[in-house]
Amino acid sequence: MSKLLEVKGLKTHFHMHGYTVRAVDGVDFDLNSGETLGIVGESGCGKSQTSMSIMRLVPDPPGKIEAGEVLFKGTDLLKLSDVEMRKVRGNNVSMIFQEPMTSLNPVYSVGYQISEVLMLHRDMTKEEAMKESARLLGLVGMSDPEERVNEYPFQLSGGLRQRAMIAIAMACEPDIMIADEPTTALDVTIQAQILKLMSDLKARTGTSIMFITHDLAVIASFADRVMVMYAGVVVEQSSMRDIFKKPLHPYTQGLLGSIPVLGEVKRNTDGSRRLLNAIAGSLPDHRNFPKGCRFAPRCNKVMSKCWEAEPALVHTEEGHQVRCFLYNDDVQETPAYQEAKAAQGLLRRKRRASAAGETR
Amino acid sequence: MNDTLLKVVGLRKSFPVKASAFSSKTLGLKAVDGVNLELKRGETLGLVGESGCGKTTVGRCLLRLYEPDTGRVYLDPDDQIVSEVFEMDAEREALNGELQELDAQPTKTQADKARIKSLKRDISANRAQADERAKTTDLLSMDRKLLKANRRRVQMVFQDPWASLNPHMVVKDIIGEGPKEYGTHVGQDLDRWVMELLEKVGLPPQAANRYPHEFSGGQRQRIGIARALALTPSLIVCDEPVSALDVSIQAQILNLLISLQDDFNLTFVFIAHDLSVVQYISDRVAVMYLGKVVETAPAQQLYANPRHPYTISLLSAVPVADPDHPNELRPPEGDVPSPVNPPSGCTFHPRCSYKTDVCTQIVPALEKDQDGHVIACHNPPNG
């Protein structure tokens, strides 16, 4: 498998009045061709902003991509001009958003919104594009697509709107499709229909998918590889199986313990109710992350060094990465850490100098 | 005292909707269409279904936050009263049917008109009589005074912790409002009670003097739970209490509800769309579809062996967080039909793969089968 997308040290910060929100704070990952990468995390962990940064859709100001590289087939998307970037969006990399109502334009027909992409990237005439739009709507499972192309978003139900969104995203058969919580606003039955549709399309076109969700069950049914994010950083990354069967990071373990699994026994042997293994506390304040590991205040395996430095994301075995001192002592070389290190060195030098002075 | 805490009989509620944006004609959207439920003391009844199936409306009708059209909601039902009222209601239903038939005739004879008049008189007399008989235990026909006395026994936890707390009030006033109104705790005693509740729901005592906006979603939901507990109710209706919360916070709130249930001897109606959550917390689960209950069964059984075709397809649409699970999603085809104009017969028949001719014509009744499932289906699969 070849690497289609490489994200290196991506940092997206939001400069608000008087403070900075470090929404994405050093994210590294790869996406191979034909692969589905699931990105899981709770609200505010930076999963959506990661995808927005890849598409360069971060509202600027207040947001700003501070550092990093997003290499798509070797070219850095962050260095492209706006015109060049526009050729990538919808053509090579496309996106499906969470709210199908707010992300479709209410004053244009569904067909027009699909043909827009085709006319721009495929140089089709309006008639050709409309015809192609109808074919695409049929492909995403809409009945009577020839009539539906002329309908407006308000005439469609939530599930159908999401299908239309997928048709727009698939129109140019992109290499990468980023799906940002595409099923969160939908009922389970409609969610299942959409998931099925997406995996059918993937099997047919071989598109790589970045699937962003907070629902671990959806990940289990859909992803090949999983990346768990917490407070702007990746804390664990591995194959889908390993995340569920051999979770390493205490946060991943906590997330898995927090969800009730369908069909699981819920009473202990003595008849008392089995409680969920919830994670204590809540997400840290974005303005002010803990100095050491960001999960330390909620972690049940916290050690003294967790408070002092941030662990680095390290390979433990083939394809499994984790950011935790339980498995490795490597420290993330953050600016704050380097500053502290430098200060320590300075202190040591001072002390040595003063000691030398005394002996003299 | 018998061990049934709540009995809901024939609950109906419809909302007027405009036929179209520019029309003055209104149609009835049947949100709840003849729901019967029964809750034992200390039990948790889960209410599941897709959006628009009427589960929230049922919850709200139990508290009279919506005024139901017809039906009975008995708190501590007396079997004698329930059966007597049931007969009277059935009789009235029959009279109503006759009245509608006569009314629908294009030309009415003198005799018909007289009959209509007498039917109307009988119906209103019957209704007054039934309400009079039911009023000691039926929340819907109680007079104001009795209703107020009983209202404190049924409380609610709302879905949206951002919208359900008054932003102008500090937490101690939010929690203390009920006890103050009912005079169960006053002065220092009230302060002590609020502190105790805060501790029970896992909030620090300093929270008492702060405003809702100072709290996170999970903490706000804890405040909402403390408010619901303040009058030591017997029944709490939890309307999607965790759906607005993050996964890790959701688990904390579920654990809290379970431990409070044991501490306060509570009965829950737990409304949610997340089937895994409902299965986890409920003893029994009722599945709703288009305003009707289609299947009720003990939670474990419902998930292990669903009987109604809708329950089967609903469960097969739920992804399971386990890579060893086959996770072949087999959702029902199509969308939920509009409740303004529901399909004839069994409302699920357009999406059902087991349908027969009878399903399109006759509404199936709820019947108990040998495994203790109560289902409304003419042609249940596997048996």
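List of remarks:
- Residue match in the stretch A:49-63 (condition: of a type in the set (Asp, Glu) and either loosely packed, with under 14 Cβ neighbours inside 10 Å or over 24 Å from residue A:249 (Cβ atoms) (or both)): yes
- Counted residues, the stretch A:138-156 - those being under 26 Å from residue B:52 (Cα atoms) and touching a residue at least 12 places away in the same chain (Cβ under 8 Å): 9
- Restricting attention to the stretch B:254-271, the residues that are under 14 Å from the mean Cα position of the chain (by Cα), aliphatic (A, V, I, L, M) and surrounded by fewer than 24 Cβ atoms within 10 Å (Cβ to Cβ) total 0.
- Residue in the stretch A:171-206 that is nearest to residue A:40 (Cα to Cα), counting only those that are crowded, with 22+ Cβ neighbours inside 10 Å and of a type in the set (S, T, N, Q): A:183
- Index of the failed condition, residue B:156 passing every other in (1) modelled with pLDDT of 90 or more; (2) more than 30 Å from residue B:81 (Cα to Cα): (2)
- Residue under evaluation residue B:248, criteria (1) within 24 Å of residue B:347 (Cα to Cα); (2) hydroxyl-bearing (Ser, Thr, Tyr); (3) at the interface with chain A (Cβ under 10 Å from one of its Cβ atoms); (4) crowded, with 21+ Cβ neighbours inside 10 Å, criterion not met: (1)
- Considering the conditions (1) modelled with pLDDT of 90 or more; (2) within 20 Å of residue B:124 (Cβ to Cβ), residue B:96 is excluded by exactly one of them, (1).
- The helices (runs of 4 or more DSSP H) falling completely within the stretch B:111-216 that include 2 or more residues that are touching a residue at least 40 places away in the same chain (Cβ under 8 Å) map to B:144-151, B:171-182.
- Of all residues in the stretch B:162-175 being farther than 17 Å from residue B:217 by Cβ and more than 26 Å from the chain's Cα centre (by Cα), the one that is surrounded by the most Cβ atoms within 10 Å (Cβ to Cβ): B:172
- Candidate set from the stretch B:94-136 (those that are of a type outside the set (S, T, N, Q), surrounded by fewer than 14 Cβ atoms within 10 Å (Cβ to Cβ) and under 28 Å from the mean Cα position of the chain (by Cα)); member that is farthest from residue B:150 (Cα to Cα): B:97
- Of the residues A:204, A:225, the single one that is of a type in the set (D, E, K, R), out of contact with any Pro (no Cβ under 7 Å at 6 or more places or on another chain) and within 25 Å of residue A:26 (Cα to Cα) is A:225.
- The single residue among A:24, A:88 that is in contact with a helix residue (DSSP H, G or I) (Cβ under 8 Å, 6 or more places away or on another chain), surrounded by 20 or more Cβ atoms within 10 Å (Cβ to Cβ) and free of Cβ contacts under 8 Å to residues at least 24 places away in the same chain turns out to be A:88.
- Looking across the stretch B:224-244, the residues that are surrounded by fewer than 24 Cβ atoms within 10 Å (Cβ to Cβ) and within 14 Å of chain A (Cβ to nearest Cβ) come down to B:240, B:243, B:244.
- For the stretch A:229-323, the strands (runs of 3 or more DSSP E) that sit wholly inside it and include 1 or more residues that are within 12 Å of chain B (Cβ to nearest Cβ) and surrounded by 14 or more Cβ atoms within 10 Å (Cβ to Cβ) are A:233-239.
- Matching entry among A:216, A:156 (being surrounded by fewer than 24 Cβ atoms within 10 Å (Cβ to Cβ), within 30 Å of residue B:288 (Cβ to Cβ) and either among the aliphatic types (A, V, I, L, M) or touching a Pro at 6+ places or on another chain (Cβ under 6 Å) (or both)): A:156
- Taken together, the residues in the stretch B:80-108 that are charged (D, E, K, R) and within 15 Å of residue B:36 (Cα to Cα) amount to 1.
- Just one of the numbered conditions (1) more than 19 Å from residue A:251 (Cα to Cα); (2) hydrophobic (A, V, I, L, M, F, W, C); (3) at pLDDT 90 or above is not true of residue A:27: (1).
The values are calculated or read from the model by the stated rules, or taken from the named source; none is laboratory data. What you are looking at is a predicted structure, and each value in this text was computed from that prediction instead of being measured. When we count neighbours, we look across all protein chains shown, and the Cβ atoms used for this are built from the backbone with ideal geometry, even at glycine.
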